[in-house]
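A short write-up of the structure that comes next.
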Amino acid sequence: MNDPRSARDDEPFDVKLQVGSLWESTVLRTRQAIESGVLSLTPMDLVVVERDGIGYLVRMLPGRDPKAEAGKTANSKPESERVDPFLPYDEDFFVADVTDTHVCLLNKFTVVKHHLLIVTNEFVDQRTTLTLADFVATAACMAKIDGLVFYNAGSAAGASQRHRHMQIVPLLLAETGPPAPIEAAFGSDDGRSAGKTLPAFSFRHAFERLNLDPSADPLTTARALYGCYLSMLEAVGLHVADEVESDAELGPYKLLVTRRWMFVVPRRREAFAGIQVNALGFAGSLLARGREQLATIGQIGPMGILNGVAVPALSALRRENSFVGDRR
């Protein structure tokens with residue numbers, strides 16, 4: 001898990017979170033935001049779709065999707081005219097200062113209660129490589145909340161904003177089964193290192209088991225996470241420049257992290273068969289906009305949807321190309 005690019009001992013990081021404060025602040029701010037009317041939890045019907053031993057959680061929107069409607073309005077403008085919602089951020093959604101470089105906000109468009117954004121104080125492009133500073137802020141939040149952190153790198157990976165933001169939702173995602181439904185596909189720990197692949201997935205990915213100590217120094221945890229992240233990017237073919245602070249774009253991918261594992265998946269498109277998929281999809285939680293999309297997920301299967309938006313593994317790509325050649 002170690003990488004020389006993660007050992008930036010000269011970096012000054014000041015973690016501002018106090019013991020126990022993040023979760024308490026999140027609960028308080030959520031209640032205040034709901035009571036004041038600036039935040040509303042989108043009503044959902046919850047359906048479990050069982051496939052191959054995985055109980056995928058599908059949240060179905062019975063009506064319109066407020067986030068999608070807001071996105072259509074924002075994206076109708078030229079990129080130069082689009083407003084950065086985080087500069088400045090809305091004070092009604094402020095939860096806590098995390099470090100000198102990152103702040104924690106409530107997610108305005110949420111389907112999971114207590115969904116937080118970990119946002120850079122200054123603009124950093126969502127499509128560029130994460131830095132050690134991003135992982136210090138992430139480690140500080142994970143020490144306070146046993147949650148799932150995820151990152152959508154680029155619009156094809158499901159990112160709706162260009163301004164750098166990671167996200168964290170509390171585990172459990174489902175009322176029964178593993179904390180994240182996709183964990184049922186992980187199998188047992190065989191002790192292999194970063195870059196491991198899992199037989200349940202035919203899309204390109206890298207997986208690593210973790211055992212993070214929430215009482216550890218966030219900088220120590222961040223260095224380990226950062227080194228693992230860089231190694232996993234290389235393992236899936238997303239090659240990082242020697243100077244990782246550069247503005248080079250890697251291509252769209254998903255990053256998911258808990259205290260127990262890290263998962264990286266390159267993306268090729270935002271949606272498949274009309275089903276939009278963000279990083280929560282790769283945790284085993286999909287979103288259906290109405291019964292027609294729910295039926296589509298049932299017909300294709302959740303794994304079929306994930307395969308449709310992810311980059312195929314090399315073996316699967318060879319089979320796919322062979323099939324296309326046979327059809328000709």
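Where a number appears in this text, it was derived from the coordinates with a stated rule and is not lab data. Fair warning: this is a prediction, and the values are worked out from it, not measured in the lab. A quick note on method: Cβ atoms are made from the backbone with ideal geometry, for glycine too, and the neighbour counts reach across all protein chains shown.
Some points to look at:
- Shape of the range 121-238, Cα gyration tensor, a/c cut at 1.5: rounded
- Highest to lowest packing among 34-43, 157-166, 266-275, scored as the average C-beta count within 10 Å: 157-166, 266-275, 34-43
- Residues whose placed amide H lies under 5 Å from that of GLY251, excluding near-sequence neighbours: none
- Order by protection proxy (mean Cβ within 10 Å, highest first), peptides 44-54, 107-117, 278-288: 278-288, 107-117, 44-54
- Cα centroid of the range 133-159 to Cα centroid of the range 46-63, whole Å: 24 Å
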